[in-house]
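S.K.: Just passing along the structure, written as C-alpha cells.
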Amino acid sequence: MAIKITNKCINCGACEPECPNTAIYEGGKKWRMSDGTSLKKNKILDSTIFQKPKKKDIYFVVTEKCTECVGFYDVPQCVIVCPVQCCIQDKKNFENKDKLMKKKNFLHGGH
Ligand code: SF4
Ligand code: SF4
C-alpha cells in the first residue's frame, strides 16, 4: 500500500529528504519518475518528463514512486518523521509486499 499525505499537512518539509524513492514533493512542484531513481528515457516511457503537481498547497506523495519504503527500511520513513501524523496508508492503492518490492526494483534497476 502506498502512503498518502492528508490535508493536515503543515508543510514542515521533514518528510521530503527522508524518502528513499524521492516520492515526496512540495505542493505545486513538478515531479519526474527519474528524480532520485535510475529510470531513464526509453521508447515506452520518458521518465524525464516533468509531471503536473498532484497537490498545490501541501506536500504530496507520488503513488507511482512510493514503495512504503520496502527495499530500504522496515517502516515508512515519512510516517515516522511527520510531526502531525498526516502520512497515512492509502487504502485506494493497495499493494502487497511482493508488488512493492517489484516497484522498488523497477525504480532502481535492481532486477
Ligand atoms: Fe517515500 Fe517511504 Fe513515505 Fe513512500 S513510505 S513516500 S517511499 S518515505
Ligand atoms: Fe507535511 Fe508531515 Fe511532510 Fe511535514 S512531515 S511536510 S507535515 S507530510
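Here, each number is a calculation from the coordinates, and none is a lab measurement. Keep in mind it's a predicted model, so treat the numbers as computed, not measured. Using ideal geometry, Cβ is built from the backbone for each residue, glycine included, and neighbour counts are taken over all protein chains shown.
S.K.: In nm, what is the difference between 0.36 nm times the number of residues separating Lys52 and Asp74 and their Cα-Cα distance?
M.R.: 4.9 nm
S.K.: List, in order, the whole-Hz ³J(HN,Hα) value for each residue of region 2-7 obtained from phi through the Karplus relation with A = 6.51, B = -1.76, C = 1.60 and θ = phi - 60°; use x for Gly and Pro.
M.R.: Working through the residues one at a time gives 6, 9, 10, 10, 8, 5 Hz.
S.K.: How big is the dipole moment of the chain about its Cα centre under a simple scheme where the beta carbon of each Lys and Arg is +1, that of each Asp and Glu is -1, and everything else is neutral? Debye, nearest 20, please.
M.R.: In debye, rounded to 20, the chain gives about 480.
S.K.: So what's the Cα pair-distance distribution over the chain, bin width 10 Å, in %?
M.R.: P(r) over the chain, rounded to whole percents: 15, 48, 32, 4, 0.
S.K.: Say R0 is 22 Å: what FRET efficiency, to the nearest 0.05, do Glu26 and Ile88 get from their beta-carbon distance?
M.R.: 0.70
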